[in-house]
Every structure is written in C-alpha cells, then in structure tokens.
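Written below as structure tokens is the structure these notes are about.
FYI, it's all coordinate maths here, none of it is from the lab. Worth saying up front: this structure is predicted, and the values here are computed from it rather than measured.
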Amino acid sequence: MSFANTIHGKYGWEKVQTSDQRQKLGTRMSFDDGRVFRYCEVGGSDIAAGAIVQAPAGIANHDMDLAIATAASGVTSLTVTLGGTASTKNQYKDGYLYVNDGTGEGSIYKIKSNAAGSSGSTCVITLDEEDGTVTAVTNGTTLVGLAVNPYSNVIISPTTVTNVAVGVAPRALTSDYYGWLQTWGAASVLCNAAGVIGEAVRVGGTSTAGGFEDLDRDGSNENEQVIGHQMLIASVATDYALIDLNIAP
C-alpha cells in the first residue's frame, strides 16, 4: 500500500512549467483555499490560459475489442493483438488496460510499459500491479481496450469534444512542456456565450475551442460534461468568467 500521490502547494506553484518532467502525471496539488491542480504533459500545441483542457482522443484501433493472445491469471504481462494502427514503445505507460468483453470483463489495470507493435500484430503490455490479473483471461475471447494516461499529451477541448475534460490551464502552457491544470475551486475560464450566475456550465460549444457555455437544461447539449458553476458577474462571449470548478477534487 502507498499513500495518495498528493503535494501541498504554495500559491504560484500552479504557474510553473518546465521542459522536463518533475512529477508523476496526474499528481495532485492542493492549496489552503481549496483549489486543486493536477500535473500534466502538454500535447503538440500551445494551450492558452483559461482554456478548458481535455485528455487526448482515444485511438479507434486500440480503444476496445483487442483480443488477448495469452491466457492466464495472476500474470503481469499480457500480449494483445492490435487493430489497424501500430503502437509505439511506452505509448500507454501509466495508462490503463480494461477488459470490455469476455472472461474478466469489468476489470481495469494500470500499465507500467508497453512494447512497440505493428499494425494488426501483437503488442506486449506490462502491468504495474504486483499481483497481476485477478481472473484468467482467455486467449481469443477476452477483449480489452487501451487508454493513455488522461494527463498525458493533453489538448484544448475542441468544440466537438473527443474525450473528457481534465482541467483548466491556470497559465499559458507551451507545447511538449509539463505543468499544472486546475481541477477544483475558483478558476478563470474562457466563455463562449453570456452566462448566468449560479448556473451549471459545460464543455463544448460552436464558437471557440476551450470555452464553456451554460447548461440550460432546455433539451439541447444536456449530455455534455458539466465542469462547475458560474460565480459572480454574468459573463459575455470571449471574456473570462469565474467558475467554481468541479472536475476532480
């Protein structure tokens, strides 16, 4: 057993970014005022301050229904058969393997490393769990999916979202750098349309990537992810509003 991967930060630490990795991805940093941040790796494009940030989109040929080419329980290494997209070495390091169908379905495992794999070929996945798989996976019938760590290669949330929102940038973040995303508490967030104080706000919208809109519960866009509630004055489009974030405590 290990303690939660949390540090207690000082005001201003959330604005530090570096070209090299200094924490585990997803490390939680809390402040005395209740705000919470998570450590992330920025993807290939810069991220503006106040933008909503999402996990990278999944890979369609990796995200589910991959057949297991080995069969055992209590193993820490699994061989999966990839779909029509190759994998790179350690692409899924610190990410997840989950069983979506067949024997062992409903299980999820942390990934320690993975080998490179060719399109349509096999790939060896090493689990970061000392006891390995809890049930015997069955060759050819157990189907799994792979997901990267949600705080790796994060991107600005597009107008049509492709994964869950994982935070808001507290400063401008440079592509391929490491820094922090705010996930809880008062945050300044880009607005896509005039909002109403106290209303729930959601990701997505048709104007600007990385902005929020009110969740009016009027029958449209009600399935979009809620990220918090609007505080103080009503906002206007392209401005920034104070939002009480409720993404990850």
Based on the Cα atoms of region 1-134, what semi-axes does the equivalent ellipsoid have, where each is the square root of 5 times one gyration tensor eigenvalue, given in whole Å with the largest first? 32, 19, 13
For region 113-195, list log₁₀ I(q)/I(0) at each q in 0.16, 0.19, 0.20 Å⁻¹, using the Debye formula over Cα point scatterers of equal strength and ignoring solvent, two decimals each. -0.89, -1.04, -1.10
What do you get for Rg/Rh over the chain if you use C-alpha atoms and the Kirkwood form of Rh? 1.02
Projected convex hull area of region 1-55, Cα atoms, direction-averaged, in nm², equals 5.0
Cα radius of gyration and Dmax for region 77-122 (Å): 11.0, 27
For Lys10, the lysines lying under 26 Å Cα to Cα, once residues fewer than eight places off in the same chain are dropped, come out as Lys24
From Cα coordinates alone, what are the radius of gyration and Dmax values for region 104-249 in angstrom? 19.5, 58
Scattering profile of region 105-147 at q = 0.24 Å⁻¹ [log10 I(q)/I(0), Debye over alpha-carbon scatterers]: -1.08
Dividing the mean separation of Cα pairs under 8 Å (6+ apart) by the residue count of the chain yields a relative contact order in percent of 24
Cα extents of region 31-99 along the principal axes, largest first, in whole Å, come to 49, 29, 19
